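Q: The following block contains the structure, expressed as structure tokens.
The values are calculated or read from the model by the stated rules, or taken from the named source; none is laboratory data. This is a predicted model, so every value here is computed, not measured. When we count neighbours, we look across all protein chains shown, and the Cβ atoms used for this are built from the backbone with ideal geometry, even at glycine.
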Amino acid sequence: MTNPLLSRSPLEYELPDFALLKDEHYLPAFEHAVSSHNAEIAQILEQDDVTFENTVVAMERAGDLLNSMLMVFYNKCSSDTNETLQAIEAEIAPRLAAHIDSIRLNPSLFERLKTLASRRESLNLDAESDWLLSRYLKDFKFAGAELTAEQRKRVGEINEKISGLEAEFDKRLLADSNDLAIHLPDATRLKGLSDAEIASCKKAAEVRNLDGYVIPLLNYSGHPLLANLEDRALRETILKATLSRGGRKNANDTSDVVKQLLDLRREKASLFGYANYVDYVTAQQTAGSGANVHSVLRKIAPAARANAEREGALLQELMARETSGQIEAWDWSRYTEQLRTEKYSIDASELKPYFEVRRVLEDGVFFAAGKLYGLKFTRRDDLVGYHPDNWIYQVDYEDGRTCGLYLFDPFARPSKRGGAWMNNLVDQSHLLGKLPVVVNNMNIPKPADGDAALMTLDEVNTLFHEFGHTLHGLLSDVTYPRFSGTSVERDFVEFPSQVNEMWMLWPEVLQNYAIHHETGEKLGLDWISKLTAAEGFNQGFETTHYLQAAILDLALHSQDSTPEDLVAFEAEAISEYGLDYSPVPTRYRTNYFAHIFAGGYSAGYYGYIWSEILDAESVDWFKANGGLTRENGEKFAKGLLSRGGSKDSMTLVRELLGREPKIEPLLRRRGLL
């Protein structure tokens with residue numbers, strides 16, 4: 001019993017005991033938890049009578065130890081991994097898939113659910129319980145419970161293989177990203193960067209036990225340093241290294257993993273009677289079908305491409321003042337910032353000193369959450385996180401009730417995967433008596449010792465976005481763990497996070513956090529006007545950049561056979577949509593598209609813009625009703641955030657808006673009308 005994962009944590013909020021937790025604890029804990037879960041399922045099946053309590057509620061209670069252990073493990077794997085954890089993940093992933101299938105493909109369990117469904121009217125279930133029964137039936141159906149025994153066996157084999165391959169993709173991508181970090185012997189080529197940015201590159205080298213300077217690669221097709229670096233050849237090197245990740249025909253090449261995943265997903269879809277994997281996935285989402293997704297994206301794509309070309313022509317003129325030649329993808333950020341300064345008097349480098357990380361979090365993100373939802377955040381430096389860089393906060397409601405716990409992990413490191421995300425260490429559930437423990441991860445370059453940790457405007461926006469996911473988890477108020485927080489359709493999950501971005505530039509919020517880290521001067525309100533006026537700026541690039549990745553995902557998962565040449569297929573798919581514009585690279589290329597090959601967004605990356613349709617409508621709703629008020633926050637929290645997956649997601653939106661959502665607010669926001 002020295003393994004802290006073998007029982008529910010005795011610490012406050014059931015925070016895992018990271019002070020005691022070691023790598024060697026994970027695998028024994030997994031094996032013990034799987035065995036316990038199997039025993040709990042066996043006990044359900046031993047019951048002769050079939051009731052909602054001894055079947056559905058019992059299934060919700062079962063597996064609690066396993067779920068708790070997995071949340072801790074996968075958070076560690078993404079935030080602070082090592083070779084030992086990667087080996088454990090490679091072993092656990094297929095075994096976990098097999099375990100889940102042993103439950104959802106169990107004919108006896110499915111029969112019990114169908115028996116309850118046939119007695120539905122006599123069960124007298126409350127709304128959440130009735131919806132839970134519906135969701136279980138759907139979960140089992142899409143897991144394969146209605147297939148033949150032979151088909152169920154094959155689905156199980158496919159799921160095991162997919163899980164192992166996704167873990168392998170993640171491992172190779174992290175290794176290749178670290179290998180391709182740009183190492184410079186001195187700072188002579190870093191002209192244009194601020195002193196703090198140069199010091200951060202020095203720090204990145206020190207972390208890797210290298211002399212000189214290192215520019216780590218990020219997870220998408222770009223890099224924030226491209227906006228200011230004057231050395232064009234270095235900009236080209238950075239972007240080409242980024243675009244080459246996972247496709248260099250070495251030990252970290254992901255091509256074979258990608259092809260196997262596509263083959264397996266196609267076979268799985270066919271077993272369920274779907275034409276392709278896109279239709280299999282979207283049938284479970286709010287979109288309903290791949291055709292519905294394409295009907296929306298094809299309305300947006302032509303205008304996005306046209307806007308990008310207009311932007312490119314302006315940047316070409318600007319570039320001609322400095323140098324000859326055609327504008328390339330590695331030039332776009334640099335001349336975009338110059339044009340932003342010229343057109344809107346916005347120099348992004350002037351903003352960065354006003355965005356100190358701790359102040360943005362506490363006086364910006366937390367401040368807005370307090371104004372809207374009555375939340376209070378208190379530092380808990382006495383609690384131990386999974387990494388020394390963790391910041392931990394207790395979260396309470398204004399009336400004194402306890403809400404949960406929040407961990408923030410701001411800085412990049414070689415052991416952390418790229419990007420920014422939210423996940424739970426503990427899911428809220430009244431049934432299990434649990435309060436939420438939520439984590440936000442970012443990849444802000446860690447400053448040199450003694451320097452302030454400063455954020456770009458994009459990073460500030462990302463933090464507000466990710467904290468929108470956090471609010472979805474913290475404000476969860478459901479009975480069953482199946483519905484907790486972000487347990488909603490994949491193409492709906494980005495909606496609350498995108499709505500939360502609106503408060504970044506809300507005057508009352510901005511004035512509270514945008515304070516110069518040296519002078520104490522507040523950022524002038526005139527900046528709000530400038531930034532608001534520039535909201536449609538560069539949206540041709542941003543929309544095209546995103547749509548290329550979204551349609552690439554759909555194309556890869558719609559084919560009758562897996563393409564042999566992934567690079568050629570990628571180019572063809574983007575061209576077919578009319579989005580082939582070389583100065584704008586796809587946000588993710590196939591070989592490092594972790595969202596779809598390791599992150600749960602396969603055939604679902606469209607969900608960001610799908611959710612943004614609802615986001616744009618909700619932003620208009622907030623503004624029309626007075627903006628940053630407790631009344632609005634109360635309505636949004638009670639009507640949507642607190643409900644998690646306990647009710648049909650689109651019904652929640654219709655109830656909030658009082659009507660069907662429309663696409664026009666999104667098109668207007670992105671300058672596409």
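Q: Among the residues of the stretch 15-35, is any of a type in the set (S, T, N, Q) and in contact (Cβ under 8 Å) with a residue 12 or more places away in the chain? So that I can check it myself, show each step before the final result.
A: Residues of the stretch 15-35 of a type in the set (S, T, N, Q): 35.
Keeping just the survivors that are in contact (Cβ under 8 Å) with a residue 12 or more places away in the chain gives none.
Checking the stretch 15-35: not a single residue is of a type in the set (S, T, N, Q) and in contact (Cβ under 8 Å) with a residue 12 or more places away in the chain.
Q: Please list, ordered by residue number, the helices (runs of 4 or more DSSP H) wholly in the stretch 21-96 having 2 or more residues that are more than 25 Å from the chain's Cα centre (by Cα) and surrounded by fewer than 16 Cβ atoms within 10 Å (Cβ to Cβ).
A: Details: elements: 26-45, 58-61, 64-79.
Where helices (runs of 4 or more DSSP H) fall fully within the stretch 21-96 and carry at least 2 residues being more than 25 Å from the chain's Cα centre (by Cα) and surrounded by fewer than 16 Cβ atoms within 10 Å (Cβ to Cβ), they are 26-45.
Q: Moving to a separate point now. Please find, among PRO388, PRO414, the residue that is on the phi < 0 side of the Ramachandran plot and either outside the structural domain of GLU356 (by TED's automatic domain parsing) or in contact with a helix residue (DSSP H, G or I) (Cβ under 6 Å, 6 or more places away or on another chain) (or both). Before the answer, list the steps.
A: Details: PRO388 fails: either outside the structural domain of GLU356 (by TED's automatic domain parsing) or in contact with a helix residue (DSSP H, G or I) (Cβ under 6 Å, 6 or more places away or on another chain) (or both).
The match here is PRO414.
Q: For the stretch 576-602: of the residues being more than 23 Å from SER333 (Cα to Cα) and surrounded by fewer than 17 Cβ atoms within 10 Å (Cβ to Cβ), which is modelled with the lowest pLDDT?
A: GLY600
Q: Identify all residues within the stretch 461-485 that are crowded, with 24+ Cβ neighbours inside 10 Å and in a loop (DSSP other than H, G, I, E, B); write none if there are none.
A: Of everything in the stretch 461-485, those that are crowded, with 24+ Cβ neighbours inside 10 Å and in a loop (DSSP other than H, G, I, E, B) turn out to be LEU475, SER476, TYR480, SER484, GLY485.
Q: Shifting gears a bit: Output the residue which, of all residues in the stretch 252-263 that are touching a residue at least 40 places away in the same chain (Cβ under 8 Å) and surrounded by fewer than 19 Cβ atoms within 10 Å (Cβ to Cβ), is nearest to LEU217 (Cα to Cα).
A: Pass one, the stretch 252-263, residues touching a residue at least 40 places away in the same chain (Cβ under 8 Å): 252-255, 257-263.
Right, trim to surrounded by fewer than 19 Cβ atoms within 10 Å (Cβ to Cβ) and you get 253, 255, 259-260, 263.
Working: ASP253: 16, SER255: 20, LYS259: 24, GLN260: 26, ASP263: 30 Å.
Restricting to residues being touching a residue at least 40 places away in the same chain (Cβ under 8 Å) and surrounded by fewer than 19 Cβ atoms within 10 Å (Cβ to Cβ), the top hit is ASP253.
Q: Here is a further query. Would you check which residues across the stretch 438-474 are small (Gly, Ala, Ser) and on the phi < 0 side of the Ramachandran plot and list them? Write out each step before concluding.
A: Taking the stretch 438-474 and keeping what is small (Gly, Ala, Ser), we get 448, 450, 452-453, 468, 473.
ALA448, ALA452, ALA453, GLY468, GLY473, listed by residue number.
Q: Search the stretch 453-474 for residues that are within 21 Å of ALA348 (Cα to Cα) and pair each with any residue that is among the aromatic types (Phe, Trp, Tyr) when their beta-carbon atoms are under 6 Å apart and the residues are at least 6 apart or on different chains.
A: Listed pairs, sorted by first residue: LEU454/PHE355; MET455/PHE355; VAL460/PHE355.
Q: Is the stretch 49-56 home to any residue that is outside the structural domain of PHE411 (by TED's automatic domain parsing) and touching a strand residue (DSSP E or B) at 6+ places or on another chain (Cβ under 9 Å)?
A: First, pick out the residues of the stretch 49-56 that are outside the structural domain of PHE411 (by TED's automatic domain parsing): 49-56.
Right, trim to touching a strand residue (DSSP E or B) at 6+ places or on another chain (Cβ under 9 Å) and you get none.
No, the stretch 49-56 contains no residue that is outside the structural domain of PHE411 (by TED's automatic domain parsing) and touching a strand residue (DSSP E or B) at 6+ places or on another chain (Cβ under 9 Å).
Q: Residues GLU267, GLU236: which one is of a type outside the set (Lys, Arg), surrounded by fewer than 19 Cβ atoms within 10 Å (Cβ to Cβ), touching a residue at least 24 places away in the same chain (Cβ under 8 Å) and farther than 30 Å from ARG334 by Cα?
A: Numbers: GLU236 fails: farther than 30 Å from ARG334 by Cα.
After applying the criteria, what remains is GLU267.
Q: Being of a type in the set (Gly, Ala, Ser) and over 21 Å from ASN307 (Cβ atoms) is the filter here, so list the residues in the stretch 572-595 that pass it.
A: ALA594
Q: Given the criteria buried (at least 19 other Cβ atoms within 10 Å of the Cβ), in a strand (DSSP E or B) and not polar (S, T, N, Q), does ASP409 qualify? Walk me through how you get there before you give the answer.
A: Working: buried (at least 19 other Cβ atoms within 10 Å of the Cβ): yes; in a strand (DSSP E or B): yes; not polar (S, T, N, Q): yes.
Considered against the rule, which asks whether it is buried (at least 19 other Cβ atoms within 10 Å of the Cβ), in a strand (DSSP E or B) and not polar (S, T, N, Q), ASP409 comes out as yes.
Q: Please work out which one of (1) in a helix (DSSP H, G or I); (2) closer than 19 Å to HIS595 by Cβ is the condition THR286 fails and give its number.
A: Status for THR286: all satisfied but (1).
Q: Cβ contacts < 8 Å: first residue among the acidic types (Asp, Glu), restricted to the stretch 288-310; second residue surrounded by 13 or more Cβ atoms within 10 Å (Cβ to Cβ), any location; separation 6+ or different chain. Result?
A: Within 8 Å, the pairs are GLU309/GLY540; GLU309/TYR581.
Q: State all residues of the stretch 330-350 that are surrounded by fewer than 19 Cβ atoms within 10 Å (Cβ to Cβ) and either out of contact with any helix residue (DSSP H, G or I) (no Cβ under 9 Å at 6 or more places or on another chain) or farther than 22 Å from ARG587 by Cβ (or both); if no residue qualifies, say none.
A: GLN338, THR341, GLU342, LYS343, TYR344, SER345, ASP347, SER349, GLU350
Q: Regarding ASP458, is this residue assigned to a helix (DSSP H, G or I), more than 14 Å from the chain's Cα centre (by Cα), surrounded by fewer than 24 Cβ atoms within 10 Å (Cβ to Cβ) and not hydroxyl-bearing (Ser, Thr, Tyr)? Before you say what the answer is, go through the steps one by one.
A: Working: assigned to a helix (DSSP H, G or I): yes; more than 14 Å from the chain's Cα centre (by Cα): yes; surrounded by fewer than 24 Cβ atoms within 10 Å (Cβ to Cβ): yes; not hydroxyl-bearing (Ser, Thr, Tyr): yes.
Yes.
Q: Among LEU666, LEU628, which is the only one that is surrounded by 15 or more Cβ atoms within 10 Å (Cβ to Cβ) and either at pLDDT below 95 or in a helix (DSSP H, G or I) (or both)?
A: Details: LEU628 fails: either at pLDDT below 95 or in a helix (DSSP H, G or I) (or both).
Every option except LEU666 fails the conditions.
Q: What single numbered condition from (1) under 30 Å from TYR581 (Cβ atoms); (2) touching a residue at least 12 places away in the same chain (Cβ under 8 Å); (3) not polar (S, T, N, Q) fails to hold for PRO353?
A: Single failed check for PRO353: (1).
Q: Still on this structure, please answer the following. Filtering the stretch 239-251 down to residues that are of a type in the set (Gly, Ala, Ser) and touching a helix residue (DSSP H, G or I) at 6+ places or on another chain (Cβ under 6 Å), which residue is surrounded by the fewest Cβ atoms within 10 Å (Cβ to Cβ)? First the steps, then the outcome.
A: Filtering the stretch 239-251 for residues of a type in the set (Gly, Ala, Ser) gives 241, 244, 246-247, 251.
Those left that are additionally touching a helix residue (DSSP H, G or I) at 6+ places or on another chain (Cβ under 6 Å): 246-247.
Values: GLY246: 26, GLY247: 19.
This residue is GLY247.
Q: Listed residues SER200, SER194, SER221; which is among the small types (Gly, Ala, Ser), surrounded by fewer than 16 Cβ atoms within 10 Å (Cβ to Cβ) and in contact (Cβ under 8 Å) with a residue 60 or more places away in the chain? Before the answer, list the steps.
A: Values: SER200 fails: surrounded by fewer than 16 Cβ atoms within 10 Å (Cβ to Cβ); SER221 fails: surrounded by fewer than 16 Cβ atoms within 10 Å (Cβ to Cβ).
Testing whether each residue is among the small types (Gly, Ala, Ser), surrounded by fewer than 16 Cβ atoms within 10 Å (Cβ to Cβ) and in contact (Cβ under 8 Å) with a residue 60 or more places away in the chain leaves just SER194.
Q: When you go through GLN559, GLN548, GLN511 one by one, which is the residue that is under 30 Å from LEU264 (Cβ atoms), in contact (Cβ under 8 Å) with a residue 12 or more places away in the chain and surrounded by fewer than 19 Cβ atoms within 10 Å (Cβ to Cβ)? Step through it out loud before you land on a result.
A: Details: GLN548 fails: surrounded by fewer than 19 Cβ atoms within 10 Å (Cβ to Cβ); GLN511 fails: under 30 Å from LEU264 (Cβ atoms).
Residue meeting the stated conditions: GLN559.
Q: Would you check which residues across the stretch 381-396 are over 15 Å from LEU361 (Cβ atoms) and not in a loop (DSSP other than H, G, I, E, B) and list them?
A: Across the stretch 381-396, the qualifying residue is only ASP396.
Q: Out of the helices (runs of 4 or more DSSP H) lying entirely within the stretch 507-573, which hold 3 or more residues that are within 29 Å of ASP279 (Cα to Cα)?
A: Working: elements: 507-513, 526-533, 539-556.
Filter on the stretch 507-573 gives 539-556.
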